[in-house]
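I have placed the structure first, in the form of structure tokens, so that the comments after it can refer back to it.
Every read-out reported here was derived from the displayed coordinates using simple, explicitly stated rules and does not represent laboratory data. Since the structure is predicted, the reported quantities are computational estimates derived from the model, not experimental observations. Glycine also receives a Cβ, built like all others from the backbone with ideal geometry; neighbour counts cover every protein chain displayed.
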Amino acid sequence: MVVFIWTIIIIVVVVGAVLLIMAGMRAQNKDEGDPLMTRLAEATQRGDVVSSLEQIEMQQPFNQRIILPFLRRVGEVSTRYTPQKALEDTAHKLELAGNPGRIDAATFLASRFVVAIIFGGLLLLVATLSPNKWALGQTVLVVLIFTALGFFFPQLWLQGRINARQKEIRKAMPDALDLLTICVEAGLGFEAAMSKVSEKWQNELSVALLRAIREIQLGKARRDSLRDMAERIGIPEMTSFVAAVIQSEILGVSLSKVLRIQSDQMRVKRRQRAEEEAHQAPIKMLLPLALLIFPSIFIILLTPAALQMRKAFLR
């Protein structure tokens, strides 16, 4: 029992450490520039005396100096033996998730192997140091199970990020389209209206719009930039919106009317999704009711009767 408790504690600590590392990577890499040069510029602005770049590099967080370069090195080695299709699929999923941590596909694939080795190694260490020696078959089975769990944990985390990002974008799209429609009807161009929307909110949709605006400013065609934005988001609502905007540009239809129609449709879809989730709530409540609430109620109601019956039988 003690070994089981320690195993659970170790797993929780490892999962928490992995999540903290990923969160730190994301926070430290919001700016796409070189973090070393960014710190050098900050030190120069403060007037600090810097003797060498090594001093600046040692001021970086531990995950930036050790963990991320290690994962990148492992990723470079694993890329040689990874099919190109797997790298492309992983890169696409990272784009759908908003590229958390600004890591590439090879680094993410390497992190799966590293986490699997950590999970399996910790369980092997627990089995080795346990006062009650585990059987060989039990040790191999438990280590293999937790190694597989560690291998799939980054993938599950990435899929959770994708679902959360798409849900946030779906929720923000009707209000963003309303503001976009108002800006276009007020006389602004489409790019200027998108810029206003990206300045209004700080969410995943505003980040996606801002990236599309920057691509257009760098000379990319607007339709290509919008199509790429829809692919990076990966939801039908955004694909429909982009198709409608491109169609209005080709046919010469009034953009404000198209945006107004799209805004109304998005709001109807959001209400329908809310109603669907409300209808699913009773079904989702069955499991906690059956496993948690009902047993507690039975214990509270039946324990006094059981005690009275026990006293009656013992007389």
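Could you pull out the residue among Gln247, Gln272, Gln262 that is free of Cβ contacts under 8 Å to residues at least 24 places away in the same chain and either among the charged types (D, E, K, R) or within 17 Å of Arg170 (Cβ to Cβ) (or both)? Gln272 is the lone residue from the list that is free of Cβ contacts under 8 Å to residues at least 24 places away in the same chain and either among the charged types (D, E, K, R) or within 17 Å of Arg170 (Cβ to Cβ) (or both). Whenever a residue of segment 120-145 is in a helix (DSSP H, G or I), its partners that are surrounded by 13 or more Cβ atoms within 10 Å (Cβ to Cβ) and of a type in the set (Gly, Ala, Ser), lying with C-beta atoms within less than 6 angstrom and at least six residues away or across chains, give the pairs Thr139/Ala127; Val143/Gly120.
Here the condition is being in contact with a helix residue (DSSP H, G or I) (Cβ under 7 Å, 6 or more places away or on another chain) and more than 24 Å from Gly187 (Cα to Cα); of Arg260, Arg270, it holds for Arg270 alone.
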